[in-house]
Amino acid sequence: MKETALTSLHTSLGAKMAEFAGYNMPIVYSSINEEHKAVRNSVGVFDVSHMGEFVLKGEKALDLIQLVTTNDAAKLTDGKVQYTCMPNTDGGIVDDLLVYRWSANEYYLVVNASNIEKDWNWIKQHNTFGVEMSNISDELSLLAVQGPNAIKTLQKLTDINLSEIPYYAFAAGKMAGLDDVIISNTGYTGAGGFEIYVWNKDARAMWDAIFEAGKEYGIVPCGLGCRDTLRMEKGFCLYGHDIDDSTSPIEAGLGWITKFTKPFVKSDYHKAIKDNGPKKKLVGFEILEKGRIPRQHFKIKDASGNEIGVVTSGTQSPSLNKAIGMGYVKTEYSAIGSEVFVEIRNQLVKATVVKTPFL
């Protein structure tokens, strides 16, 4: 297993470690519920240094990004970030990712850890534009400082006015006495906060400074377990669960990042799905029986027991204290309020399709 620059620290802090995307990652420190609530109510820190980072440079860098991603990166200005996805040639998604614009000729792409090699090869395969590509994934550490008190914690460490960095924008400069820090108003918890990119050599110093600054707010280290429950409450897709190589962004409710103002890989296929209406849709649902939790791959059925879909994500929501899930169902069952049934331990458990985000 690969390690991040902070793996030994997590072990010393007593984190429960496990393999994730080829990395030895902290899953939980105290409890998923405690860490989850700390992020929702105050501030928590995730080591997400397993994520991948590519640099694209050159006059045609934007042309390459426009070809391989669904969103319209031409809308980006310097210092802005865009959520997007890369479609494959089979009508599915290679990965979802963030695009950072440094300048007209330089961009950062931040991709999922499990897809680093796949994404790199995919972009390289389409690079007929002479764009200079660099994979700096193993050189950078990434700390996600999330929660309503994240900004108060981090503001102590920098002269950059964090309140002036809009959502999905970033600044670069000094933080905690360290140079070359990227401070990005992004995150996948829906609780607000920032993602901090530093060189590996500076990761421990940044971690220590953040925890000292956040002490008065009860700052806690957080594992990937509560990262999953937090993103689920907000209805955020997770690659390999809610989106994958076989799902269209239109089916996944990602039409808002799928812009047909420019051609991209397989764009005609996805436009046809949008124009004709998808046959299946990703929905959120709540389980109506206590103690029944839906899990990935569980079948979704109608009242007669006919299979109408499949669960892609499921959990017990710490904030709502109820079981929630996401899954694909036939479009005729996707309306808010539709009654569906999840097959849990050979029993059909009643659920209701609800609007996302759940929280």
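The values are calculated or read from the model by the stated rules, or taken from the named source; none is laboratory data. Keep in mind that what you see is a predicted model, and the values were worked out from it rather than measured. Positions of Cβ are backbone-derived with ideal geometry, glycine not excepted, and every protein chain shown enters the neighbour counts.
Sort out which residues of segment 286-324 are closer than 30 Å to PHE260 by Cα, touching a residue at least 40 places away in the same chain (Cβ under 8 Å) and out of contact with any helix residue (DSSP H, G or I) (no Cβ under 6 Å at 6 or more places or on another chain), and write them in order of number.
THR312
Quick check on my filter: what residues within segment 321-354 are of a type in the set (Asp, Glu) and within 22 Å of LEU238 (Cβ to Cβ)?
The one that is of a type in the set (Asp, Glu) and within 22 Å of LEU238 (Cβ to Cβ): GLU343.
Check whether at least one residue in segment 79-92 is crowded, with 18+ Cβ neighbours inside 10 Å, within 26 Å of ILE151 (Cα to Cα), among the β-branched types (Val, Ile, Thr) and touching a helix residue (DSSP H, G or I) at 6+ places or on another chain (Cβ under 8 Å), and report yes or no.
Checking segment 79-92: at least one residue is crowded, with 18+ Cβ neighbours inside 10 Å, within 26 Å of ILE151 (Cα to Cα), among the β-branched types (Val, Ile, Thr) and touching a helix residue (DSSP H, G or I) at 6+ places or on another chain (Cβ under 8 Å).
Let me spell it out: the conditions are (1) closer than 30 Å to GLN66 by Cβ; (2) surrounded by fewer than 17 Cβ atoms within 10 Å (Cβ to Cβ), and ALA252 meets all of them except one. Which number is the exception?
The failed condition is (2).
What number of residues in segment 320-352 are surrounded by fewer than 21 Cβ atoms within 10 Å (Cβ to Cβ) and within 30 Å of ASN41 (Cα to Cα)?
Qualifying residue count, segment 320-352: 6.
Among the residues of segment 7-28, write down those that are under 15 Å from GLY44 (Cβ atoms) and either more than 20 Å from the chain's Cα centre (by Cα) or not assigned by TED's automatic domain parsing to the domain that holds PRO221 (or both).
Residues satisfying the conditions are HIS10, LEU13, ALA15.
Which pairs have Cβ atoms under 9 Å, sit 6 or more apart or on different chains, and link a residue in segment 155-181 that is on the phi > 0 side of the Ramachandran plot and in contact (Cβ under 8 Å) with a residue 60 or more places away in the chain to one that is aromatic (Phe, Trp, Tyr) and surrounded by 14 or more Cβ atoms within 10 Å (Cβ to Cβ)?
As it stands, the answer is TYR168/TYR83, since those pairs meet every condition given.
Name every residue in segment 1-49 that is aromatic (Phe, Trp, Tyr) and surrounded by fewer than 17 Cβ atoms within 10 Å (Cβ to Cβ), in order of residue number.
Result: PHE20, single match.
Looking at segment 238-252, which of its residues are farther than 16 Å from ASP119 by Cβ and more than 15 Å from the chain's Cα centre (by Cα)?
SER246, THR247, SER248, ILE250, GLU251
State the number of residues belonging to segment 31-69 that are of a type outside the set (D, E, K, R), touching a strand residue (DSSP E or B) at 6+ places or on another chain (Cβ under 7 Å) and under 22 Å from ILE210 (Cα atoms).
Within segment 31-69, the first condition is being of a type outside the set (D, E, K, R), and the residues that meet it are 31-33, 36, 38-39, 41-46, 48-52, 54-56, 58, 61-62, 64-69.
Cutting the leftovers down to touching a strand residue (DSSP E or B) at 6+ places or on another chain (Cβ under 7 Å) gives us 38-39, 43-46, 48-52, 54-56, 58, 61, 64-65, 68-69.
Adding the requirement that they be under 22 Å from ILE210 (Cα atoms) leaves 38-39, 43-46, 48-51.
So the count comes out to 10.
Given the condition part of a loop (DSSP other than H, G, I, E, B), surrounded by fewer than 18 Cβ atoms within 10 Å (Cβ to Cβ), out of contact with any Gly (no Cβ under 6 Å at 6 or more places or on another chain) and outside the structural domain of TRP207 (by TED's automatic domain parsing), answer yes or no: does some residue in segment 109-129 qualify? Please lay out each step first, then the result.
Applying the first criterion (part of a loop (DSSP other than H, G, I, E, B)) to segment 109-129 yields 112, 127-129.
Imposing the further condition that a residue be surrounded by fewer than 18 Cβ atoms within 10 Å (Cβ to Cβ) reduces the set to 128-129.
Still in the list and also out of contact with any Gly (no Cβ under 6 Å at 6 or more places or on another chain): 128-129.
Those left that are additionally outside the structural domain of TRP207 (by TED's automatic domain parsing): 128-129.
Yes, some residue in segment 109-129 is part of a loop (DSSP other than H, G, I, E, B), surrounded by fewer than 18 Cβ atoms within 10 Å (Cβ to Cβ), out of contact with any Gly (no Cβ under 6 Å at 6 or more places or on another chain) and outside the structural domain of TRP207 (by TED's automatic domain parsing).
Among the listed residues LYS262, LYS281, which satisfies the condition of being touching a helix residue (DSSP H, G or I) at 6+ places or on another chain (Cβ under 6 Å) and in a loop (DSSP other than H, G, I, E, B)?
Answer to the check: LYS262.
Based on this model, can you work out whether LEU64 counts as crowded, with 20+ Cβ neighbours inside 10 Å and over 25 Å from THR189 (Cα atoms)? It would help to see each step written out before you state the result.
On the way: crowded, with 20+ Cβ neighbours inside 10 Å: yes; over 25 Å from THR189 (Cα atoms): yes.
It is true that LEU64 is crowded, with 20+ Cβ neighbours inside 10 Å and over 25 Å from THR189 (Cα atoms).
Being among the hydrophobic types (A, V, I, L, M, F, W, C) and part of a loop (DSSP other than H, G, I, E, B) is the requirement here; does CYS237 meet it? Lay out the reasoning, then the answer.
Numbers: among the hydrophobic types (A, V, I, L, M, F, W, C): yes; part of a loop (DSSP other than H, G, I, E, B): yes.
For CYS237, the condition - among the hydrophobic types (A, V, I, L, M, F, W, C) and part of a loop (DSSP other than H, G, I, E, B) - is met.
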